[in-house]
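The values are calculated or read from the model by the stated rules, or taken from the named source; none is laboratory data. Source: prediction; values computed, not measured. Heads up, the Cβs are rebuilt from the backbone with ideal geometry, glycines too, and the neighbour counts pull from every protein chain shown.
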Amino acid sequence: MRQAGRSLPEYRAIRADHRMLDACLTPELASEITLQPVRRHGVDAAVFFSDIVVPMKLVGVDVDLVAGRGPVFANPVRTAADVARVREEFTPERLRAALDPVRDAVRLTAEALGSTPLIGFTGAPFTLAAYLVEGGPSRDHLRARTLMHADPETWAALLDWVADLCGVFLEAQVEAGASAVQLFDSWAGSLSPADYRDRVAPASRRTLEPVRRLGYAAGEGYAAAARAVPIIHFAVGSGHLLEELAEVGVDALGVDWRTPLDEANRRLGGAFPLQGNIDPAYLGAATDVLEAHVSDVLRRGRSAPAHVLNLGHGVPPETDPDVLTRIVSFAHGA
Ligand code: CP3
């Protein structure tokens, strides 16, 4: 999850000298930051250090990650003319030509990880559009959801443009050696099932097409078993959308802490490996309270065909890193 590194002193030491997006786009730094939690906590996979706005930045869109706030776009994309302009100027070809920092960072990291899997990711079109239309973070993404209904054609053109850029970003990570990928549609929980299905899911599916076409990983290590790169789909607060998220055509679903994993598994007909869903609020609780919660998550996760233990959303920056290390060894011993 994003912000995972923020609780680590070794991450903060690097960030003291480098802006967020500069760190993402300097392969040696992105690789080092990706490896830090693996080294410290002994987790079973690494999450590539990048951000959902990186493809936008690389293609030339004026975006920054503002500390304590999130992505801020200097020129919000709100009208048919705005969408036509960005589609014309910021093309998938232009992005492809700018992706070397990402390819190099993935390559370096996959090499250093050896047999430990590297999870690449991209933001999903709706979540990025929620920032693009608003110009920055918003509570319930009303401007984006309004555009969806006020001008469905412009909305579809905006989402397809984002989907093509995110698809190229994801494809580059898989070609460079990522062994699994995650589609983060963090803010999809603000949508009704019908709007998700009709106005958002087609673009999410489009994002995944290039990786689906690749079929098999080009990288070494975990991916050398020549198996398809699994795709994980995750949205926050999306218990009401589980079935719709599954229908996008993914291999596993991430679940936040609001929906127990056994309930999610039941609703999905036992057909999907699940990822989740320690409530980040427990990270500050007493050890026995936290361990009881983790045990409960593990027990419920056993009902699914497979279970990847993680947090239901990001690590709060004030988290004691030793608590995270203890969760990993507790889970490994369970
Ligand atoms: O945790 C990791 O390091 C994995 C890499 C990762 C980051 N962002 C790095 C990051 C991942 C997977 C993301 C995804 C991301 N980025 C999402 C989807 C996942 C989610 O959390 O729902 C979203 C919505 C974003 C956009 C974004 N980037 C936000 C909202 C923020 C937080 C802004 C703030 O300061 O509160 C960021 C910044 C960001 N991305 C940080 C990290 C490590 C924090 C930078 C810092 O302050 O050091």
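A quick yes/no check of all residues on (1) of a type in the set (Gly, Ala, Ser); (2) exposed (fewer than 14 other Cβ atoms within 10 Å of the Cβ); (3) modelled with pLDDT under 95; (4) in contact with a Ser or Thr (Cβ under 7 Å, 6 or more places away or on another chain):
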site	(1), (2), (3), (4)
ILE278	no, no, no, no
ASP288	no, yes, no, no
GLY314	yes, no, yes, no
VAL323	no, no, no, no
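Residue-by-condition table, conditions (1) at pLDDT 95 or above; (2) of a type in the set (Gly, Ala, Ser); (3) under 25 Å from VAL250 (Cα atoms):
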| site | (1), (2), (3) |
| --- | --- |
| GLU89 | yes, no, no |
| PRO101 | yes, no, no |
| LEU108 | yes, no, no |
| GLY114 | yes, yes, no |
| LEU158 | yes, no, yes |
| CYS166 | yes, no, yes |
| PHE184 | yes, no, yes |
| TRP187 | yes, no, yes |
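Quick check, is ALA45 surrounded by fewer than 17 Cβ atoms within 10 Å (Cβ to Cβ), more than 10 Å from the ligand (Cβ to nearest atom) and assigned by TED's automatic domain parsing to the domain that holds PHE169? Give the steps one after another, and end with the answer.
Values: surrounded by fewer than 17 Cβ atoms within 10 Å (Cβ to Cβ): yes; more than 10 Å from the ligand (Cβ to nearest atom): yes; assigned by TED's automatic domain parsing to the domain that holds PHE169: yes.
In short, yes.
Mind telling me which of the residues PRO280, PRO317, PRO321 ends up being in contact with a Gly (Cβ under 8 Å, 6 or more places away or on another chain), within 16 Å of the ligand (Cβ to nearest atom) and of a type outside the set (A, V, I, L, M, F, W, C)?
Working: PRO317 fails: in contact with a Gly (Cβ under 8 Å, 6 or more places away or on another chain); PRO321 fails: in contact with a Gly (Cβ under 8 Å, 6 or more places away or on another chain).
Answer to the selection: PRO280.
If we only count helices (runs of 4 or more DSSP H) wholly inside the range 125-215, which ones have 2 or more residues that are surrounded by fewer than 23 Cβ atoms within 10 Å (Cβ to Cβ)?
Numbers: elements: 125-134, 142-150, 152-176, 201-214.
Counting at least 2 such residues, we get 142-150, 152-176, 201-214.
Could you grab me the full set of residues in the range 174-202 that are within 23 Å of ALA97 (Cα to Cα) and more than 13 Å from the chain's Cα centre (by Cα)?
VAL174, GLU175, ALA176, GLY177, ALA178, SER179
Checking the conditions here, which among ALA110, ALA129, ALA124, ALA144 is within 16 Å of the ligand (Cβ to nearest atom), without any contact (Cβ under 8 Å) to a residue 24 or more places away in the chain and more than 20 Å from ARG19 (Cβ to Cβ)? Full working, then the answer.
On the way: ALA110 fails: without any contact (Cβ under 8 Å) to a residue 24 or more places away in the chain; ALA129 fails: without any contact (Cβ under 8 Å) to a residue 24 or more places away in the chain; ALA124 fails: without any contact (Cβ under 8 Å) to a residue 24 or more places away in the chain.
After applying the criteria, what remains is ALA144.
Which of the residues that make up the range 7-42 are of a type in the set (A, V, I, L, M, F, W, C), crowded, with 20+ Cβ neighbours inside 10 Å and within 12 Å of the ligand (Cβ to nearest atom)? Write out each step before concluding.
So the first thing to find is which residues in the range 7-42 are of a type in the set (A, V, I, L, M, F, W, C), and the list is 8, 13-14, 16, 20-21, 23-25, 29-30, 33, 35, 38.
Narrowing further to those that are crowded, with 20+ Cβ neighbours inside 10 Å: 8, 23-25, 30, 33.
Within the range 7-42, LEU8, ALA23, CYS24, ALA30, ILE33 qualify.
Restricting the first residue to the range 55-76 and requiring it to be in the same structural domain as ALA129 (by TED's automatic domain parsing), which pairs with a second residue that is of a type in the set (Asp, Glu) and near the ligand (Cβ under 10 Å from one of its atoms) meet a Cβ separation below 9 Å and a spacing of at least six or different chains?
Final answer for the pair search is LYS57/ASP51; LEU65/ASP51; PRO71/ASP51.
For ASP256, which of the numbered conditions (1) part of a helix (DSSP H, G or I); (2) within 25 Å of THR122 (Cβ to Cβ) fails to hold?
Of (1) part of a helix (DSSP H, G or I); (2) within 25 Å of THR122 (Cβ to Cβ), only one is false for ASP256: (1).
Quick one: MET56 ticks every box in (1) in contact with a strand residue (DSSP E or B) (Cβ under 9 Å, 6 or more places away or on another chain); (2) over 30 Å from ASP151 (Cα atoms); (3) within 12 Å of the ligand (Cβ to nearest atom); (4) part of a helix (DSSP H, G or I) except a single one, so which number is it?
In the conditions (1) in contact with a strand residue (DSSP E or B) (Cβ under 9 Å, 6 or more places away or on another chain); (2) over 30 Å from ASP151 (Cα atoms); (3) within 12 Å of the ligand (Cβ to nearest atom); (4) part of a helix (DSSP H, G or I), MET56 misses (2) alone.
Within the range 60-74, identify whether any single residue is in a helix (DSSP H, G or I) and either β-branched (Val, Ile, Thr) or surrounded by fewer than 16 Cβ atoms within 10 Å (Cβ to Cβ) (or both), and answer yes or no.
Our first condition is that a residue be in a helix (DSSP H, G or I); within the range 60-74, this holds for none.
No; the residues of the range 60-74 include none that is in a helix (DSSP H, G or I) and either β-branched (Val, Ile, Thr) or surrounded by fewer than 16 Cβ atoms within 10 Å (Cβ to Cβ) (or both).
Out of all the residues in the range 73-87, is one or more under 26 Å from LEU132 (Cβ atoms), of a type in the set (S, T, N, Q) and at pLDDT below 95? Spell out the reasoning first.
First, the residues of the range 73-87 that are under 26 Å from LEU132 (Cβ atoms): 73-87.
Filter once more, keeping what is of a type in the set (S, T, N, Q): 75, 79.
Adding the requirement that they be at pLDDT below 95 leaves none.
No, the range 73-87 has no match at all.
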